[in-house]
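The values are calculated or read from the model by the stated rules, or taken from the named source; none is laboratory data. This one's a predicted model, so the numbers in the text were calculated from it and none came from an experiment. As a convention, Cβ positions derive from the backbone with ideal geometry for all residues, glycine included, and neighbour counts pool all protein chains shown. When the accessible area is computed, the model is the full protein with side chains, heavy atoms only, and any ligands, DNA or RNA have been set aside. Shrake-Rupley method; radii C 1.70, N 1.55, O 1.52, S 1.80 Å.
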Amino acid sequence: MSDQNGGSQEPEREEPVVRDKRRIDPETGKVRQPEGEQKPEEAGEHDLAHEELVDVGPAESEDEETILSDDDLDILSGQTTAEQLAAERLADLQRVTAEYANYRKRTEANRELERERAVGDAVKGLIPVLDDLERAEKHGDLGEGSAFTTIAAKLRTAVERLGLTPYGEKGEPFDPQIHEAIFQQPTPDVTADTVAEVVETGYRLGSTIVRVAKVVVSVPA
């Protein structure tokens, strides 16, 4: 480029702009605050105006952080009160206690049924022997003081200790749930079905019917 006098002139050069972006001021040794960023004390004042700082206590160790549950966070945030949380926990405890009590009742009932079935299977083999003793007694074959009478008494005592009890009596109301009618005879003296004679004694073990009683039934004429 030439000037008016015909001489040449060097173009003007712009001086480089140097920006010191170091976080530490080399002269003062203090931390510099970047432009446009809030100072820590200003940011802290803003946060404290909207949030509450909570000291959750020190961690159990330096490498272990304190972890808050969802319930703890709800209480800290004000969504749930301590009374509400205690009521919920009490309701949960009562529900679990009731469920355990029901489970225990069912377990005990099932255990009793299984015991009755097991004992029932064992005593079923003895029922024919009891029938023979009953028939011998009706025919007078078991005389008082005889050896067979003593054996019969011991056998009956043993099965009773196991819970096996006989049922079926003449004159009791007929129940198709526990009686088996092998014969019906019209009788003018009865107003309802009644057991007239027990042909074969029934046996029950607790609440389980081991063998139904076979009976003759008197029905109204």
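Being open to solvent by less than 50 Å² (accessible area, probe 1.4 Å), of a type in the set (D, E, K, R) and touching a residue at least 12 places away in the same chain (Cβ under 8 Å) is a property that Glu137 lacks.
Only residues that are closer than 17 Å to Tyr203 by Cβ, open to solvent by less than 70 Å² (accessible area, probe 1.4 Å) and either without any contact (Cβ under 8 Å) to a residue 24 or more places away in the chain or touching a Ser or Thr at 6+ places or on another chain (Cβ under 9 Å) (or both): list them for the stretch 168-192, please. Gly168, Glu172, Asp175, listed by residue number.
Of all residues in the stretch 203-217, those satisfying the criterion of being more than 14 Å from Asp175 (Cβ to Cβ) and of a type outside the set (Lys, Arg) are Tyr203, Leu205, Gly206, Ser207, Thr208, Val210, Val216. Against the test of being out of contact with any Lys or Arg (no Cβ under 7 Å at 6 or more places or on another chain), within 23 Å of Arg204 (Cβ to Cβ) and open to solvent by 60 Å² or more (accessible area, probe 1.4 Å), the options Ala122, Ala152, Ala109 yield a single qualifying residue, Ala122.
In the stretch 85-131, of all residues being touching a residue at least 60 places away in the same chain (Cβ under 8 Å) and among the acidic types (Asp, Glu), the one that is nearest to Tyr167 (Cα to Cα) corresponds to Asp131.
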